[in-house]
Amino acid sequence: MSEELNKEISRRRTFAIISHPDAGKTTLTEKLLLFGGAIHVAGAVKSNKIKKTATSDWMEIEKQRGISVATSVMGFNYGDYKINILDTPGHQDFAEDTFRTLTAVDSVIIVVDAAKGVETQTRRLMEVCRMRNTPVIIFVNKLDREGRDPFDILDELEQELKIAVRPLSWPINMGARFKGVYNIYEQGLDLFTPSKQTVSERVEIPDVNSPQLDEAVGKADADKLREDLELVEGVYPEFDVEAYREGRVAPVFFGSALNTFGVKELLDCFVRIAPEPQPVQAEEREIDPHEEAFTGFVFKIHANMDPNHRSCIAFVKVCSGKFERNVNYRHIRLNKQLRFAAPTAFMAQKKSVVDEAFPGDIIGIPDTGNFKIGDTLTSGEEIHFKGLPSFSPEMFKYIENADPMKAKQLEKGIQQLMDEGVAQLFTNQFNGRKIIGTVGQLQFEVIQYRLLHEYGAQCRWQPLSMYKACWIDSDDPKALEAFKKRKHQFMAVDRQGRDVFMADSGYVLQMAQSDFPDIRFHFTSEF
């Protein structure tokens, strides 16, 4: 068993692709699937000729807006490796979903638009990677359009993402004059032919100074490339795999995902240098993937993957041991044994039942209400995985039932969407009204749309001007009681029944903090 386990662990690569909206993340995901043989035709997201949508965006609202709202999971084999990609929403209103996804991966690929450079969303996600020392590879995309000088881009990456970079490929011109990429990692030249369907040709060049280079790209470009490479070697230290794995250096690749260019180079290098599944920190101890006993945790719940069946799926990341179908596992929070007859693995939209899964794999478990985000499953040991924070929301609205006949459906829909972690629900203690808190405006639209289309329930939003919701606690029960009495019309409870103070302005919050020194105010739900 252990030899099989070690072999399976060493071939796993589990990573997330993150970027700002429109940097080309979904396109890159699709091209990686193309090389894995998982899909056979690459259909650009906007091209209707081949098929309507990208393989990883499957919710109706995503198809309409061309943005990824829910994190999708895709697994495929590439050579001797088993690759698991978690595609994350680029849109900032869904940042929380992305933060949670980052707890389930061993490394990250960041996609940056060559013209726009680093954008705010990317910075915030990089902070989360830094907190966990997650190794990062950067893919500079859209070189077939006019963009900025590669050296300027590298400088910006270092400043904005606060990480040392090391280019492992180098572009020859860009935009209309884009000729290809020189692969520093493998020392070969890839010539660019704009095509969404085919992979460009590779020219073996024994040495940058050989005349073959001049023949391939012309004398001027060849000379410029030699100069650039000399500068790269002079400015950046040798690439060190260990420094990358410790999260200190980010290798950089250049290419055009839409034209399937530079993607294979990225993938070939990635499978060689990216870390295999790593130990995971639980509250009790560190869990090593090579342990025989199974452990895993739920990092995401997705309702209605299949519109024909009202069902939820809990996504479980396998952390150690081997997961097997129809074996009893212990659900720590409920303290009961559960067995799963139909655990699934995901191949974009296709699901298939799996008999076993190994550390690094993500499995979907049909959920009838047993799971919440952060739940742990084990072979028996009492273990709690940590690190799935909820952040205090920034936008609030009262949610009201617009169709009295459908009160039950609305209730069920709200509960399920909250279990998924789409938003947070608070109940006002003063008037009993339900308040939904989100990170961004788009989430309200998604909730309304999904309640109607998946649960047949109509909701109305009532405006609520609120500055911040923060969790409160205190070591002094009397002080807590006094605070709740004094602020009773601003008090609410979250779904776990914890006290939440709803401050309607920054000033009110500051005053509360100074007037009640015994009360602690928390801005994430982990305390």
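The values are calculated or read from the model by the stated rules, or taken from the named source; none is laboratory data. Source: prediction; values computed, not measured. Here the Cβ positions follow ideal geometry from the backbone for every residue, glycine too, while neighbour counts run over all protein chains shown. Surface areas here come from the heavy atoms of the whole protein model, side chains and all, with no ligands, DNA or RNA. Shrake-Rupley method; radii C 1.70, N 1.55, O 1.52, S 1.80 Å.
Quick notes on this structure:
- Extent of the range 355-430 along its three principal axes (Cα atoms, max minus min coordinate, largest first): 46, 29, 20 Å.
- Each of the peptides 329-336, 129-136 was scored by the mean count of other Cβ atoms within 10 Å over its residues; in descending order, highest first, they stand as 129-136, 329-336.
- Of the chymotrypsin sites (Phe, Trp or Tyr not before Pro) found in the range 366-455, the ones in coil according to DSSP and having at most 14 other Cβ atoms within 10 Å of their Cβ are F430.
- For the range 328-380, the share of accessible area belonging to carbon and sulfur comes to 47 percent (1.4 Å probe, ligands and nucleic acids excluded).
- Solvent-accessible area per residue, Å², over the range 436-510 with all protein chains present [probe radius 1.4 Å]: 48 Å²
- Rounded FRET efficiency, nearest 0.05, which uses the C-beta distance separating E356 from R177 and R0 of 51 Å: 0.50
- Full extension of the chain between S514 and K162 yields a length gain of 123.2 nm, computed as 0.36 nm times the residue separation minus the alpha carbon distance.
- Gyration tensor (Cα) of the range 455-527, equivalent ellipsoid semi-axes in angstrom: 25, 15, 11
- Alpha-carbon centroid distance for the pair the range 208-256 / the range 419-443, whole angstrom: 50 Å
- Whole-number percent relative contact order across the range 447-522, with pairs defined as alpha carbons under 8 Å at least 6 apart: 37 percent
- 28 Å Cα-Cα threshold exceeded, pairs from K142/K219; K397/K478; K408/K487; K116/K179; K7/K142; K162/K372: K397/K478; K408/K487; K7/K142; K162/K372
- Fully extending the segment from H290 to D473, taken as 0.36 nm per residue of separation minus the present Cα-Cα distance, adds 62.0 nm.
- Gain on full stretching of the segment that runs from M131 to D149 - 0.36 nm per residue minus C-alpha separation: 3.5 nm
- Note on E160: accessible area approximately 60 square angstrom, rounded to 10, probe 1.4 Å, nucleic acids and ligands left out.
- Modelled spin labels at Q441 and H331, positioned 7 Å past Cα toward Cβ, are 3.9 nm from each other.
- Taking the convex hull of the alpha carbon positions in the range 319-458 and averaging its projected area over all directions gives 10.7 nm².
- Counting all C-alpha pairs of the range 243-385, share separated by more than 19 Å (%): 59 percent
- Label-to-label distance for E400 and T524 is 3.6 nm, based on points extended 7 Å past Cα in the beta-carbon direction.
- Distance (nanometres) between label positions extended 7 Å along Cα→Cβ at E246 and A220: 4.5 nm
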